[in-house]
There are 2 protein chains.
Amino acid sequence: MIVGIIGGGQLARMLALAAHPLGVRCIFLDPSPDACARSVGDLLLGHYDDTRLLDLMADQAQVVTCEFESVPAESLQYLSRRAFVYPSAQALEVARDRWYEKQLFASLGIPTPPFMPVDSWQDLESAVTVMGLPAMLKTRTMGYDGKGQWVLRKPRDLAPAFAALGGAPLILEGFVPFDREVSVIAVRGVTGETRFYPLTENVHQNGVLAQSLARPTDPLAEQAYFYAQRLLDHLQYVGVFALELFQRGAELLANEMAPRVHNSGHWTIEGAETSQFENHMRAVLGLPLGGTKSLGYAGMVNFVGTIPEAEHVLAIPGAHFHVYGKTARAGRKLGHATVRAADEAGVCEALSMLRALACS
Amino acid sequence: MIVGIIGGGQLARMLALAAHPLGVRCIFLDPSPDACARSVGDLLLGHYDDTRLLDLMADQAQVVTCEFESVPAESLQYLSRRAFVYPSAQALEVARDRWYEKQLFASLGIPTPPFMPVDSWQDLESAVTVMGLPAMLKTRTMGYDGKGQWVLRKPRDLAPAFAALGGAPLILEGFVPFDREVSVIAVRGVTGETRFYPLTENVHQNGVLAQSLARPTDPLAEQAYFYAQRLLDHLQYVGVFALELFQRGAELLANEMAPRVHNSGHWTIEGAETSQFENHMRAVLGLPLGGTKSLGYAGMVNFVGTIPEAEHVLAIPGAHFHVYGKTARAGRKLGHATVRAADEAGVCEALSMLRALACS
């Protein structure tokens, strides 16, 4: 059995590592010859809309999935004629556009921060008049890890932000003074069966995820699951799915969704009954889903820009090291460590030690 | 970082899968073009004594390890000049010869079933006179999974057994009416630090391991650890090591040792804080060892000769499926399933269901 993955980065790599034990090999389509997944599967080197390569993928793979949402819709439609494509082109189309995404949240009764589309300078001025400042001006598509967004604090920030981002379709989002950021990682199978991992509490730094902590008894989990279930059922979703939310008081506001395995679910590799990567493979292959409970207390720290020595990471009790095999570059995710402990104090202590390594 | 592995079967495959997250790639030396590890690393195709391939391995790998004990001693000595070889040639030399192995057990005060070397028909007759029947006549080397051994029950069994096995150096072992078979999986690092996994209770069928069950509170664990520690320290061992023992009453008798990751440790993949494969890689790379506690209750069932459908295996709560990608053949290990549960009753129930799948 072969699964095709659009993209050959670390998410594809970790999917392939989870696929091998199931007797499944992965092939990746990626334009970079350095795509780090290639050491665990076969790389089709080229662009995402290269029909010759899409044909090669469909010739071999019974199922195709994606490691990112900005895959050309035409490519997915092309593949859909010859292979199962999970999640669907529709799910990706919504998820890659902040305006579609927020509209879907709103239409399903899922609270969000205020938002308005911005297609012109006039739109921006009126959106700021309606929503006030501070606010976030973001490109509707292709933004990730803090890229493609500007914080507007004062009226004088509007012009440079619009100049920098203008041209692309934009969205203005209200700046929510949140108490914390959480995410829910879910997996939905072809039968509609859905399982949720414990709510995950996330800390970002410079727009990039720095740390996740699983909260197996979080009182807001049920609310988050309820919102995620609505989205999943509406999209007839198959695979792993992430919904990022802000907590403000007792309320959760949906920030964005990701139609794929997600950085805030990396703790599940050693920290849950079944990793998000294995469960994604199970889901897209139509296999029974695995348990999603956490094993004790678990968390994760990202290594961005630089990566510590293995001997320092592994000296921390309960830590496991995950290196992606990518060339170091400022702001680039190069690896992460998971940690598991018998109690929350233990995992928090280990996370602090890992954060210190990540910053050194 | 690259690690060379002598052998490219399922143990090499699972070692390589555990190595990738550590940023380590594996290259395998194996004479079979179908070596199942090749899908997760690079295969050097050829014989274990091919100096051109050993040179190629030493050119790339800083560390070399083995997935089986019958590696030519000369190959290991050749590699040792240019790379670290763990475990040592000495450990493999003892472990691959039942006579050396049993003598080492005896010299370190580790009880064993009675044994005598058999180099001639006269030796066999006198050994049977001394030890009585029933007894096991085995080749000293190259025996595994019940191969290369005959049970002698009656005097008339001696001649056909000797004819079948004769020519090779043999050993006669007393037939021990044991209560159960257990194994201890240990890992020893370059600093001498040693960690033990919970004692594992094993069930064999037709000479092949059928099932393992971790016994985290087994009263005989300390005795088994004590014996294993003596062997490990004596051999200055580095890596994962297995010692198989028979329990007879309150006594443990050493049966054999394996200088490598071991089938009875496969349950550790999902069932322990750190899998035996990750810990072997950590040990041979000189990295800090990972925890060896079990996560709840865990066990494993082997799939030999045929392999069930993934959907049936994964429908069993707590089960994970491990397929090796090998062509099916009678008596061949094709895969296994691990299972983890909150209590022993849960894991035993799942093991029964898996055994039923394994036999169907």
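The values are calculated or read from the model by the stated rules, or taken from the named source; none is laboratory data. Remember, predicted model here, so these are calculated numbers, not experimental data. Cβ coordinates were reconstructed from backbone atoms using ideal geometry, including for glycine residues, and neighbour counts include every protein chain displayed. Surface areas here come from the heavy atoms of the whole protein model, side chains and all, with no ligands, DNA or RNA. Shrake-Rupley method; radii C 1.70, N 1.55, O 1.52, S 1.80 Å.
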Practice task
With the condition kept exactly as written, say whether any residue in the stretch B:201-212 is touching a strand residue (DSSP E or B) at 6+ places or on another chain (Cβ under 9 Å), open to solvent by 50 Å² or more (accessible area, probe 1.4 Å) and outside the structural domain of B:Thr274 (by TED's automatic domain parsing).
Solution key: no
Problem - Meets criteria (touching a residue at least 24 places away in the same chain (Cβ under 8 Å), assigned by TED's automatic domain parsing to the domain that holds B:Ser352 and either over 30 Å from B:Leu351 (Cβ atoms) or open to solvent by 20 Å² or more (accessible area, probe 1.4 Å) (or both)) for B:Thr139 - result: no
Completion exercise
In the set A:Arg82, A:Arg96, the lone residue that is more than 14 Å from chain B (Cβ to nearest Cβ), over 28 Å from A:Arg329 (Cβ atoms) and not acidic (Asp, Glu) is A:Arg82
Completion exercise
Those residues of the stretch B:39-58 which are more than 11 Å from chain A (Cβ to nearest Cβ) and closer than 21 Å to B:His262 by Cα amount to B:Tyr48
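Return yes or no: is B:Val184 of a type in the set (A, V, I, L, M, F, W, C), surrounded by 23 or more Cβ atoms within 10 Å (Cβ to Cβ) and not in a loop (DSSP other than H, G, I, E, B)?
For B:Val184, the condition - of a type in the set (A, V, I, L, M, F, W, C), surrounded by 23 or more Cβ atoms within 10 Å (Cβ to Cβ) and not in a loop (DSSP other than H, G, I, E, B) - is met.
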Exercise for the section: Specify the residue that is nearest to the other protein chains (Cβ to nearest Cβ); the eligible residues are those in the stretch A:18-34 that are in contact with a strand residue (DSSP E or B) (Cβ under 7 Å, 6 or more places away or on another chain) and open to solvent by less than 10 Å² (accessible area, probe 1.4 Å). Expected result: A:Val24
Exercise for the section: Spot the failing condition for B:Ala250; the list is (1) surrounded by fewer than 17 Cβ atoms within 10 Å (Cβ to Cβ); (2) touching a Phe, Trp or Tyr at 6+ places or on another chain (Cβ under 7 Å); (3) aliphatic (A, V, I, L, M), and only one is missed. Expected result: (2)
Problem - Residue under evaluation B:Asn302, criteria (1) of a type in the set (S, T, N, Q); (2) over 21 Å from A:Pro317 (Cα atoms); (3) free of Cβ contacts under 8 Å to residues at least 40 places away in the same chain, criterion not met - result: (3)
Exercise for the section: Write out, first by first residue and then by second, each pair whose Cβ atoms fall under 8 Å of each other, whose residues are 6+ apart or on separate chains, and whose first residue, in the stretch B:54-65, is in the same structural domain as B:Ala283 (by TED's automatic domain parsing) while the second is surrounded by fewer than 20 Cβ atoms within 10 Å (Cβ to Cβ) and among the aliphatic types (A, V, I, L, M). Expected result: none
Practice task
Within the stretch B:131-161, work out how many residues are in a helix (DSSP H, G or I) and under 16 Å from B:Arg98 (Cβ atoms).
Solution key: 2
Handout entry: Among the candidates A:Gln103, A:Gln62, A:Gln90, A:Gln77, residue that is within 14 Å of another protein chain (Cβ to nearest Cβ), among the polar types (S, T, N, Q) and surrounded by fewer than 19 Cβ atoms within 10 Å (Cβ to Cβ)
Key = A:Gln62
Completion exercise
Counting only residues in the stretch A:264-273 that are surrounded by 24 or more Cβ atoms within 10 Å (Cβ to Cβ) and out of contact with any helix residue (DSSP H, G or I) (no Cβ under 6 Å at 6 or more places or on another chain), the one farthest from the other protein chains (Cβ to nearest Cβ) is identified as A:Ser264
Problem - Subset of the stretch B:304-316 [more than 7 Å from every other protein chain (Cβ to nearest Cβ) and either open to solvent by 30 Å² or more (accessible area, probe 1.4 Å) or more than 25 Å from the chain's Cα centre (by Cα) (or both)] - result: B:Val304, B:Thr306, B:Ile307, B:Glu309, B:His312, B:Ile316
Exercise for the section: Return yes or no: is B:Leu158 more than 20 Å from the chain's Cα centre (by Cα), at pLDDT 95 or above and open to solvent by less than 50 Å² (accessible area, probe 1.4 Å)? Expected result: no
Fill in the blank from the handout: Per the filter on the stretch A:252-282, residues under 21 Å from A:Ser70 (Cβ atoms) and of a type outside the set (S, T, N, Q) are A:Ala254, A:Glu256, A:Met257, A:Ala258, A:Pro259, A:Arg260, A:Val261, A:His262, A:Gly265, A:His266, A:Phe277, A:His280
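Taking the condition open to solvent by 60 Å² or more (accessible area, probe 1.4 Å) and of a type in the set (Val, Ile, Thr), does A:Val240 pass?
No; evaluated as a whole, the condition is false for this residue.
Might you check whether a residue that is of a type in the set (Phe, Trp, Tyr) and within 19 Å of B:Gly296 (Cα to Cα) occurs anywhere in the stretch A:310-331?
For the stretch A:310-331, residues of a type in the set (Phe, Trp, Tyr) and within 19 Å of B:Gly296 (Cα to Cα): absent.
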Problem - Pick from the stretch B:317-338, criterion of a type in the set (Lys, Arg) and away from every other protein chain (no Cβ under 12 Å), ranking: least open to solvent (accessible area, probe 1.4 Å) - result: B:Lys333
Handout entry: Any strands (runs of 3 or more DSSP E) falling wholly within the stretch A:187-237 and containing at least 2 residues that are without any contact (Cβ under 8 Å) to a residue 40 or more places away in the chain
Key = A:199-205
Problem - The one condition in (1) at pLDDT 95 or above; (2) open to solvent by 20 Å² or more (accessible area, probe 1.4 Å) that A:Gly296 fails to fulfil - result: (1)
Exercise for the section: Tell me which of these B:Leu15 doesn't satisfy, since it passes every other one: (1) more than 19 Å from B:Tyr86 (Cβ to Cβ); (2) within 14 Å of another protein chain (Cβ to nearest Cβ). Expected result: (1)
Problem - Condition met for B:Ala272 (small (Gly, Ala, Ser) and within 25 Å of B:Thr139 (Cβ to Cβ)) - result: no
Completion exercise
Sole miss for B:Gly46 among (1) buried (at least 21 other Cβ atoms within 10 Å of the Cβ); (2) at positive phi is condition (1)
